[in-house]
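Notes follow once the structure below has been shown.
Here, each number is a calculation from the coordinates, and none is a lab measurement. Given the structure is predicted, the values throughout are model-derived calculations rather than measurements. FYI the Cβ positions are ideal-geometry reconstructions off the backbone, even for glycines, and counts take in every protein chain you see.
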Amino acid sequence: MARVIFSGIQPTGRKHLGNYIGAIMQYVAGQERGEPAIYCIVDLHATTVAYDPAQLRERVHDTTAILLAAGLEPERCILFRQGDVAEHSELCWLLTSVTALGELNRMHQFRDKSAAQRELVSAGLLLYPVLQAADVLAYRAHEVPVGEDQREHLELMRNIAERFNTRFGAGTLVIPEHRIPEVGARVRDLQEPERKMSTTGGSEQGTVYLLDEPDAIRRKFKRAVTDSDDPPVLRRGDDKPGVTNLIDILASVRVVSPQSVEQELASARGYGDLKLAVGDAVVEALAPLQERYRALRPDQQGLEDVLAAGADKARAIAAETLADVRAAMGVGRDRRANGRVRGWV
Ligand code: TRP
């Protein structure tokens, strides 16, 4: 059976190594398997917190160029901007009818983000997970590769789809599955390995940005926090978050197992060797990405052309789902009477 893969990525902030290993590398791999693999830059989600309209398009271009530089190929996947496909907004509204207010209120991300807002806590922030459900359900996607932090949103999305099917028609929507990468699902901050690497709240020194200069990358790894085991113990373990993080990062960018990295490190003299090895490996992995990014990013028209072509492909799929959803809900003109699309009567 064809497996539709769908994921969404925020156009906010600078992308870091956690985004790369936890999401972007999975996206690139998904191109091989997805039938199709669909990747959406979620500018509508970005409007749920305070933002600058002029900057939003710039950030969408940044993210588009990063994804293309990382290896997404517009011929082999569908890459588009959420705000270019109106079906997302419409399906979001339709799905509110099968979403419980209590569920939305309990979402941890809503609680955290609303507490962090200085002025307006928008209704959009509350509805954020419904729009996310619409993103995925519009394409009847089977797999959703996202990080551990999206577990709650995925559960809610499954509830929404199940409730829709029960209320309006079995089999209308596909119940999607969460797909969390095993390694690298939680890349951690290099300075505070107890917390994940993140754009908000992380330390500059502990966060490796994809567009950091090679020297800066090596420096950040050289200064990474490990632990005070003496003699140094080069293995993974719950009691060793810093060392575990470095081993996992090294394994991820080399696309090998953490076990094989542990074996290789058996002859290392100390944490310094590990830090040098992972710094070099990350610089090497990111060099071609950085070079392609520099070539792609200035060509705004080229980026817009890629997004426009992706939106056309996305719209064609989403429009079919929306026609079924509207019909099942009894909303709007019935275009499907007698199995045919009818004109105005
Ligand atoms: N909320 C996701 C995040 O912050 C982004 C997202 C939006 C998404 N729509 C999606 C992820 C649909 C997966 C599927 O990372």
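Packing order of peptides 293-305, 19-31, 313-325, highest average first: 19-31, 313-325, 293-305 (average count of other Cβ atoms within 10 Å over each peptide's residues). The charge dipole of the chain, taken about its Cα centre with unit charges on the Cβ of Lys, Arg, Asp and Glu (plus for the first two, minus for the last two), comes to roughly 800 debye. By the combined test of axial Cα extent (at least 18 Å) and Kyte-Doolittle hydropathy (mean at least -0.5), the qualifying DSSP H helices of the chain come to 53-70, 123-137, 241-254, 271-296, 300-329.
Label zone (residue 163, point 7 Å along Cα-to-C-beta; backbone nitrogen cut-off 11 Å) within region 95-114: 95-105. Reducing region 287-302 and region 29-51 to their Cα centroids gives an inter-centroid distance of 19 Å. With contributions of -39500 (n - 2.57) from each DSSP H run of at least four residues, the per-residue ellipticity at 222 nm computed over the chain stands at -16000 deg cm²/dmol. The calculated FRET efficiency for the pair residue 229 and residue 115, based on their C-beta separation and a Förster distance of 35 Å, comes to about 0.40. The relative contact order of the chain, computed from alpha carbon pairs under 8 Å that lie at least 6 residues apart in sequence, is 22 percent.
With 31 Å as the limit on Cα-Cα distance, the pairs of 15/222; 15/275; 15/313; 113/222 that go past it are 113/222.
When you restrict to C-alpha pairs under 8 Å that are six or more residues apart and normalise by the size of region 214-296, the relative contact order lands at 36 percent.
Entry note: region 14-60 has Rg to Rh equal to 1.06, where both radii use alpha-carbon atoms and Rh is the Kirkwood radius. Equivalent ellipsoid of region 214-296: semi-axes from √(5λ) of the C-alpha gyration tensor, largest first, are 25, 14, 10 Å. Relative to the current alpha-carbon distance between residue 219 and residue 199, full extension at 0.36 nm per residue lengthens the span by 5.3 nm.
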